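Structure first, commentary second.
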Amino acid sequence: MRLPRAGTTEVVPSVLSADFARLADEIAQITSAGVKMVHLDVMDGHFVPNITIGPPVVAKLRKVSELVFDAHLMISEPEKYAEPFIEAGADHITFHIEAAGDPPALIDKLHALGRSAGICLNPETPVEAIAEAAPLCDMVLVMTVHPGFGGQEFMPEAAKKIARIREMVGPDIRIEVDGGIDPQTTPIVVSYGADTLVAGNAIFGKSDRIAAVEAIRQACL
Ligand code: DX5
Ligand code: ZN
C-alpha cells in the first residue's frame, strides 16, 4: 500500500482514541467509511510522556487490514526503529525533526526500503527547522497539539505554519495535520493548505464513525 498521491484530501483516523481491545473491529468500521489510510501513533515514554504500540501490534493489524498504515513515530532515535516498523507492515513512516540525528539520511533510508517518508514538527518548532528535510519528504506532518495524548485542544497559532510550509514544498508533497481536528477546525487547516487530516477523538469519540468521517469530509468543501 502506498501513500495516495497529492491532489486529494484524505481523512485519516487515528486509532489512539479507539478501543484498543477491539482494534481490528475499529479499523473495519473506518474502512467502511471509505478512508484510505489509518494513523498509528507510536509513543515511547521518552520523546513523549506516554507509551502506545510497537511493531508486534502493527504486524497483527497488517494481517487484518489493507489500509495504508501511516506510522507516526513519537520516539527518540527514530533511525533505530524505522526498519522494525516497516518489517511489521508500516507503509509510511513519519518521524520528528526534534528527535532525528540526520533527517535527510533517514529519509533516504526509508525511500531505499521502498516506503514513503514524513517529517513532523512540534507546535513550538519553527518552520525553518524542516527547510532542508521537507522537500525530500512525501508528506510533512504539522502538530497542532503537543504530542502524547488524544483529545487535546487545537492550537491555532501552530496551524498557521501550514501556509508557510505549503509555500516551501509546493503542491506535490502532502501536508498532514494532527491534533484537535474536527468539523470546526478542518476548514481552517484546509484553507492553509493541509490535505491530510488526522482525527482521533472526533472519529473514535463518536459512536457512529462513518458519520464522523463524513462530517469532517463535508467540512473540507
Ligand atoms: C497526539 C497524536 C494524535 C492524536 C490526535 O500525540 O499524534 O495523532 O491521536 O488526537 P485528536 O484528534 O483527538 O487530537
Ligand atoms: Zn499522530
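Side notes on the structure shown:
- Residue check for PHE20: closer than 21 Å to GLU176 by Cα and either hydroxyl-bearing (Ser, Thr, Tyr) or within 16 Å of ligand 2 (Cβ to nearest atom) (or both): no
- Residue under evaluation PRO123, criteria (1) touching a His at 6+ places or on another chain (Cβ under 7 Å); (2) buried (at least 19 other Cβ atoms within 10 Å of the Cβ), criterion not met: (2)
- Unique residue being in contact with a Leu (Cβ under 9 Å, 6 or more places away or on another chain), of a type in the set (Gly, Ala, Ser) and under 24 Å from ASP91 (Cβ atoms) when the list is GLY150, GLY179: GLY150
- For beta carbons closer than 7 Å, sequence separation of 6+ or different chains, a first residue in the stretch 104-117 that is without any contact (Cβ under 8 Å) to a residue 40 or more places away in the chain and within 15 Å of GLU176 (Cβ to Cβ) and a second that is among the aliphatic types (A, V, I, L, M) and assigned to a helix (DSSP H, G or I), the qualifying pairs are ALA117/ILE107; ALA117/LEU110.
- Helices (runs of 4 or more DSSP H) completely within the stretch 102-221 that count 3 or more residues being within 27 Å of GLY45 (Cβ to Cβ) and more than 14 Å from ligand 1 (Cβ to nearest atom): 103-112
- Filter result for LEU113 (within 18 Å of THR196 (Cα to Cα) and not polar (S, T, N, Q)): no
- Residues that are closer than 19 Å to ALA199 by Cβ, within 13 Å of ligand 2 (Cβ to nearest atom) and among the polar types (S, T, N, Q) do not occur anywhere in the stretch 166-185.
Just so you know, all these numbers are worked out from the coordinates, no wet-lab data involved. Predicted, not measured: the structure shown is a model, and the values here were computed from it. Every residue, glycine among them, receives a Cβ derived from its backbone with ideal geometry; neighbour counts consider all protein chains shown.
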